[in-house]
Amino acid sequence: MIKFENVVKRFGRRTVLDDISFEVVKGEVFVIVGPSGTGKSVALKHMVRLLSPTSGTVWLNDVAVSRADGLELQQAREQFGYLFQGGALLGWMTVAENVALPLEEKTAMSQEEIARRVAEVLEMVGLEDDGDKLPSEISGGMQKRAGLARAIVCNPDIVLYDEPTSGLDPVTSRTIDRLIKHLNTTLGVTSIVVTHDLHSALSIGHRIAMLHGGKVIEIAPPEEFIKSTHPEVIQFLEAQFITKTWRKDINV
Amino acid sequence: MITRDPIDVPYTTNPLLSLWYTVAVGAQDVGRATLLIVQSLAGVRRLFSKRGRPAFVEQLYTVGIASLPLITIVALFIGMILALQTGLELRRFNQEIFIGSAVMVSMLREMGPLMSALILTACVGSAMAAQIGTMTVNDEIAALEMLAIDPVRFLMTPRIWALVIMTPLLSFYTCVVGVIGGGVVGYTQLNIQWVQYFDIAIDFARERDLYVGLLKAVIYGIVIAGVACYEGFTAAQGAVGVGRATRSSVVKSFLLILILGYFVTRGFYNG
């Protein structure tokens, strides 16, 4: 569905993505993990051409998104929902108006239908009582959840999550995890999640890719990922206390 | 497509190559800004739509009504300064009665559009650049693009049209207030009667001066909104980038207003 083919991305003299290739298949939850500054969010932005590769190609089905422009790019982007790191809500609109924005701008739905759909997605993310608040009146975590509501309100085929649980309390983080899983299992939404949170990655991901130094050093399902013998992966797992708990449980 | 990779200028120690890169990036900037201006002006239909009208009305208020107090004070004092300076010189030849003409012609031809444009650049243009710049660095512009909402029509069209409409109106208002300011100085310090002052001022007012002044104001309005929005859309690197975009927007608008003002004057008053 989404395929990275020898993608290289340089900013000036700094190489952020160094010849990476992988494929995300339809209907899976694909998680990208790795330390800060390894290019996880940069890779995510390449999927919708918010950034373009220095060389290589990013494919969405048979469309080369990395070269698409105009209508072709717009049509490709319409298949996506994108949860940005900070939520990226428009500051002068209430939470409900932010969530309703894509429906008002892109669809012919009536105001009642829009209001119903907005209430539905706000309830999914636990913000049913906060629709009339401005982004500045809610916490960072709530802004992120509102951003998620806006990302899924148009029922996209693919949702890109950029650090969906960072800065959230553990309970809310697991709620978001369950929501990602729910969207995937009930609606078949393909999800690509960029996260530091390995607990989240291991519980929701069908496959986990680890980026390090601009390269993909491991791609595996969770049960194999934690058995990885790659020193960087082991270090990453140990840093989040995965080894002593999870690995022991599955007799690694 | 607004969200793009940052422009990558290759590092070089060769001064000629460095100059070439600067010129190339500058040309690219001018091309992209011009394209944005054309696209935003072409989106005029959005202003009459149910969704676009409230944003347009809000911009008209921000540009026009909210700037009125400052423009009134500046215009009044500009008129007073003009009257005083010219009056003191003309008095040496017993011709101070003609300050009305000097103030009227200066305000209509240059000072009206110029002063209103400079005030709008400082008050409105800088705020536009800061707001759009903050939206850019917070990924809000990218989010709009991901929602298949065109940021140019959504954000820039109401702003540029508000300035295109309001700058000439404010320019005319500046002229009127400036001429009144000149009259106050004439009456209080140069012993010129109100009626005499206004008779001479109106005698010297030419329709052509008014139209050229209004044309300048329209051009200035496009420049202020175009530069501010472009600088905002291309802001990068967090708060520092927003500050840089705001400063750059004010500096570039000031320079363009002066340079374009000269060429329009040259075009219409070339002897």
| note | Amide H neighbours of A:Tyr82 at under 5 Å, excluding residues fewer than 5 places away on the same chain, with H built from the backbone geometry, are A:Leu160
| message | Testing the spin-label approximation: label points 7 Å from Cα along Cα→Cβ at A:Thr185 and B:Val218. State their distance in nm. | response | 6.4 nm
| Amide H contacts of A:His212 (H built 1.01 Å from N, under 5 Å, at least 5 apart or other chain) | A:Ile217
| note | In order over region A:165-170: 3J(HN,Hα) from phi, Karplus 6.51/-1.76/1.60, θ = phi - 60°, whole Hz, x for each Gly or Pro, gives 10, 5, x, 9, 6, x
| field | 32 Å Cα-Cα threshold exceeded, pairs from A:Lys181/B:Lys50; A:Lys3/B:Lys50; A:Lys3/A:Lys133; A:Lys40/A:Lys181; A:Lys9/A:Lys133; A:Lys3/A:Lys181 | value | A:Lys181/B:Lys50; A:Lys3/B:Lys50; A:Lys3/A:Lys133; A:Lys9/A:Lys133
| For helix A:95-106, what angle does its Cα long axis make with the longest principal axis of chain A, in degrees from 0 to 90 and rounded to 10? | 90 degrees
| message | Within chain B, which is the longest segment that contains none of the chymotrypsin sites (Phe, Trp or Tyr not before Pro) sitting in a DSSP loop with at most 13 other Cβ atoms within 10 Å? | response | B:94-268
| query | Given q = 0.06, 0.07, 0.11 Å⁻¹, what are the Debye log10 I(q)/I(0) values for the protein assembly as shown, with equal point scatterers placed on the Cα positions and solvent ignored? | reply | -0.39, -0.51, -0.98
| query | If amide H atoms are built 1.01 Å from N in the plane of the peptide, which residues on other chains or at least 5 residues away come under 5 Å of the amide H of A:Phe11? | reply | A:Val16
| request: Indicate, rounded to the nearest 5 percent, the antiparallel portion of the DSSP beta bridges found entirely in region A:132-222. | output: 50 percent
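What relative contact order, as a whole-number percentage, does chain B give when Cα pairs under 8 Å and 6 or more residues apart are counted?
Across chain B, relative contact order equals 30 percent.
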| field | Accessible area that becomes buried as B packs against A, both chains, 1.4 Å probe, Å², nearest 100 | value | 2200 Å²
| remark: Counting all Cα-Cα pairs in region B:69-266, those more than 28 Å apart amount in percent to 37 percent
| At least 50 Å² of accessible area lost relative to the chain alone, listed for region B:132-181 with a 1.4 Å probe | B:Asp139, B:Glu140, B:Met146, B:Leu147, B:Ala148, B:Ile149, B:Phe154
| Taking N as its residue count, the alpha carbon Rg of chain A over 2.2 N^0.38 Å | 1.02
| said: Less than 13 Å from a label point 7 Å out along the Cα-to-Cβ axis of A:Asn61: which backbone N atoms in region A:132-173 qualify, by residue? | reply: A:157-158
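Consider all pairwise Cα distances in region A:118-219 and report the whole-number % of them above 24 Å.
Distances greater than 24 Å cover 24 percent of the Cα pairs.
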| Just the Cα atoms of region B:1-127: what Rg and Dmax do they give in Å? | 22.8, 65
| message | Please list 3J(HN,Hα) in residue order for region A:68-80, calculated via the Karplus relation 6.51 cos²θ - 1.76 cosθ + 1.60 where θ = phi - 60°; whole Hz, with x for glycine and proline. | response | 5, 8, x, 5, 4, 5, 4, 5, 5, 5, 5, 7, 10
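Taking the convex hull of the Cα atoms, report for region A:105-163 its projected area averaged over all directions, in nm². Mind dumping the intermediate values first?
Numbers: hull surface 18.6 nm².
Dividing the Cα hull surface by four gives the mean projection, 4.7 nm².
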| message | Just to be sure I understand the model, the point goes 7 Å from the Cα along the line to the Cβ. What's the resulting A:Glu112 to B:Phe77 distance in nm? | response | 5.9 nm
| field | Length-normalised contact order of chain A in % [C-alpha pairs under 8 Å, at least 6 apart] | value | 24 percent
| task | Whole number in Å², please: accessible area per residue of the protein assembly as shown, 1.4 Å probe, ligands, DNA and RNA not counted. | result | 46 Å²
| Spherically averaged projected area of region B:143-228 from its Cα convex hull (nm²) | 7.4 nm²
| task | Could you please put A:Val194, B:Val240, B:Val137 in sequence from largest to smallest accessible area, using a 1.4 Å probe? | result | B:Val240, B:Val137, A:Val194
| Quick one: ranking A:Glu105, A:Glu5 by accessible area, 1.4 Å probe, largest first, what do you get? | A:Glu5, A:Glu105
| field | Per-residue HN-Hα couplings for region B:20-37 [Karplus 6.51, -1.76, 1.60; θ = phi - 60°; Hz; x = Gly/Pro] | value | 4, 4, 4, 5, 5, 5, x, 5, 5, 4, 4, x, 5, 5, 4, 4, 4, 4
| task | State the percentage of accessible surface on the protein assembly as shown attributable to carbon and sulfur atoms; use a 1.4 Å probe and exclude ligands, DNA and RNA. | result | 59 percent
| MRE, 222 nm, helices only [DSSP H, n ≥ 4, -39500 (n - 2.57), over the protein assembly as shown, to nearest 500] | -18000 deg cm²/dmol
| message | I want to check the label-to-label distance for B:Ala236 and A:Phe241. Put each point 7 Å from Cα in the C-beta direction and report it in nm to one decimal. | response | 4.0 nm
| note | DSSP beta bridges in the protein assembly as shown: the antiparallel percent, rounded to 5, is 50 percent
| request: Enter the accessible area of B:Arg51 (Å², nearest 10), with the probe set to 1.4 Å and all protein chains included. | output: 120 Å²
| query | Taking Cα atoms, how many degrees apart are the long axis of helix B:157-189 and the longest axis of chain B, rounded to 10 and kept between 0 and 90? | reply | 20 degrees
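The values are calculated or read from the model by the stated rules, or taken from the named source; none is laboratory data. This structure is a prediction, so every number in the text was calculated from the model and none was measured. For neighbour counting, all protein chains shown are included, and Cβ atoms are generated from backbone atoms with ideal geometry for every residue, glycine included. Just the protein is used for accessible areas: all its heavy atoms, side chains included, with ligands, DNA and RNA removed. Shrake-Rupley method; radii C 1.70, N 1.55, O 1.52, S 1.80 Å.
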